[in-house]
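Notes follow once the structure below has been shown.
The values are calculated or read from the model by the stated rules, or taken from the named source; none is laboratory data. Everything quoted here is computed from the prediction, not taken from an experiment. Here Cβ is always computed from backbone atoms with ideal geometry, including for glycine, and neighbour counts include all displayed protein chains. Ligands, DNA and RNA are stripped out before the accessible areas are found, and what is left, the full protein with its side chains, is counted by its heavy atoms. Shrake-Rupley method; radii C 1.70, N 1.55, O 1.52, S 1.80 Å.
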Amino acid sequence: MHVGDKVSVYADVDGTCRRGLVKQFQERKLFVGNGVAQITREALYCTEEKASGVGINMTEALYSAPSLSNILPNLVFAQNLPSVVCGCVLNPQPGDTVLDMCAAPGGKTTHLATLMNDQGILVALDKARQKIDKILTNTARWKLHCVHSYAFDSTKACELKSTTVPPDPPPYPPESFNRVLLDAPCSALGQRPSVRNKMSLKELKSYPAYQRTLFAQAVKLLKPEGILVYSTCTFTLDENEGLMEWALTEFPFLQLVRQDPHLGGVGSRGTSLTAEQLQLLQRFDPGSPLSGTDKTPDNDTIGFFIAKFVKNTTR
């Protein structure tokens, strides 16, 4: 392959293609489109340096999806629709004290800060230092001053004896925040495009326990009459409606409330949640029977789940 060669691009469905393979690949593959090579095969495979940048300039893509990367980065932050809805459902106000528990890479954090008009306190937590660096980059680019980011494990964010007051570093005492967003780590089965998934059943079943731990911390950190929004980008009942069923039993002072905006579908059956409670949940499902025919905000997005709670004062 030489610079300027017209090439066809395929995705390796099962991840079995070896680096630098010289024979025709016979395993499962998916055609992506045609393009023009911007790098030689030698420069790609016969060097110790890690290749980066544009390798193929796609001229005949299978799908028309232009990249928005670094286009007006100070003015535009591209997000999928459910993520935007999630921030609007939390609806933080200027002057609020807000916690984003699993904040990286910072898209929702940035959105929440703009909804607050950069007034108040927004604490953004994530376990990984390198992920926090991404948040810092994004908030600096947008000149947001209300965001305070810390590399910290949110499962330990609440400490009964703590005297720390936001925006100082965690842990925090109970009832420190007006609003909490828990965009929980999940199996991410709603993300697309995705041809296949290598996740084991054991890994899939591991998420609810972790999510329950995070949720319990969120409840402790929330002030009375405060708002908690829980979200995932997956479909499984155990991580969504099943977790809400557990939460309402474990914390009877929590109340599911109506979401605004509500652009997706409603919750799925399969738990003890009532029909009225399912109506209060919001699901975005690209696997809907309508997909491929009538495009709606519900089925023409990534898969996503949102629930909104208010913490009542009487327990």
Fill in the blank from the handout: Taking region 215-252 and keeping residues among the hydrophobic types (A, V, I, L, M, F, W, C), open to solvent by 30 Å² or more (accessible area, probe 1.4 Å) and either assigned to a strand (DSSP E or B) or touching a strand residue (DSSP E or B) at 6+ places or on another chain (Cβ under 7 Å) (or both) leaves LEU248
Handout entry: Odd one out for GLU42, checked against (1) open to solvent by less than 70 Å² (accessible area, probe 1.4 Å); (2) in a helix (DSSP H, G or I)
Key = (1)
Practice task
Report yes if some residue within region 92-99 is among the charged types (D, E, K, R), open to solvent by less than 40 Å² (accessible area, probe 1.4 Å), in a loop (DSSP other than H, G, I, E, B) and at pLDDT 95 or above; otherwise report no.
Solution key: yes
Practice task
Taking the residues in region 101-133 that are under 14 Å from the mean Cα position of the chain (by Cα) and among the basic types (Lys, Arg) as candidates, determine which candidate is most open to solvent (accessible area, probe 1.4 Å).
Solution key: LYS131
Completion exercise
When restricted to SER272, SER268, SER206, the only residue assigned to a loop (DSSP other than H, G, I, E, B), over 15 Å from PHE305 (Cα atoms) and open to solvent by 30 Å² or more (accessible area, probe 1.4 Å) is SER272
Problem - Filter result for PRO82 (touching a residue at least 40 places away in the same chain (Cβ under 8 Å), of a type outside the set (Asp, Glu) and part of a loop (DSSP other than H, G, I, E, B)) - result: no
Exercise for the section: For region 299-315, enumerate the residues that are modelled with pLDDT under 80 and open to solvent by 40 Å² or more (accessible area, probe 1.4 Å). Expected result: ASP300, THR313, THR314, ARG315
Completion exercise
The number of residues in region 11-55 that are at positive phi and either of a type in the set (Lys, Arg) or touching a Leu at 6+ places or on another chain (Cβ under 9 Å) (or both) is 2
